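Here is the structure we will look at, set down as structure tokens.
Where a number appears in this text, it was derived from the coordinates with a stated rule and is not lab data. Everything numeric in this text was worked out from a predicted model, so none of it was measured. When we count neighbours, we look across all protein chains shown, and the Cβ atoms used for this are built from the backbone with ideal geometry, even at glycine.
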Amino acid sequence: MEQLALEKRCTPSQLALAWLLAQGEDIVPIPGTKRRPYLEENVAAAAVHLTPADLRRIDGVAPKGVAAGDRYPEGGMRTVNG
């Protein structure tokens, strides 16, 4: 991912946001930030153009579903809604 970000002249975070934006009109990323420079960096991700070849390359490294699972371990989940 870092290599593709370098090739696209963007940060890995921008690449991730650009990938999300390329997933369809029904996907709206909501990145969080506390600092203006990061907000500006996030907004600039909309200008990162990903080709179909780029998207295939990303899917080869991080296929859909690879990051599935619980957000917290079981013990942590008890404290979330408790």
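A simple spin-label model places pseudo-atoms 7 Å from Cα toward Cβ; at residue 30 and residue 64 they are separated by 2.2 nm. For 28, 43, 48, the sequence from fewest to most other C-beta atoms within 10 Å is 28, 43, 48. For the chain, the residue among 62, 30, 51 whose Cα projects farthest onto the positive side of the dipole built from Cβ charges is 30. When only the Cβ of Lys, Arg, Asp and Glu is charged (+1, +1, -1, -1), the dipole of the stretch 1-68 relative to its Cα centre reaches about 180 debye.
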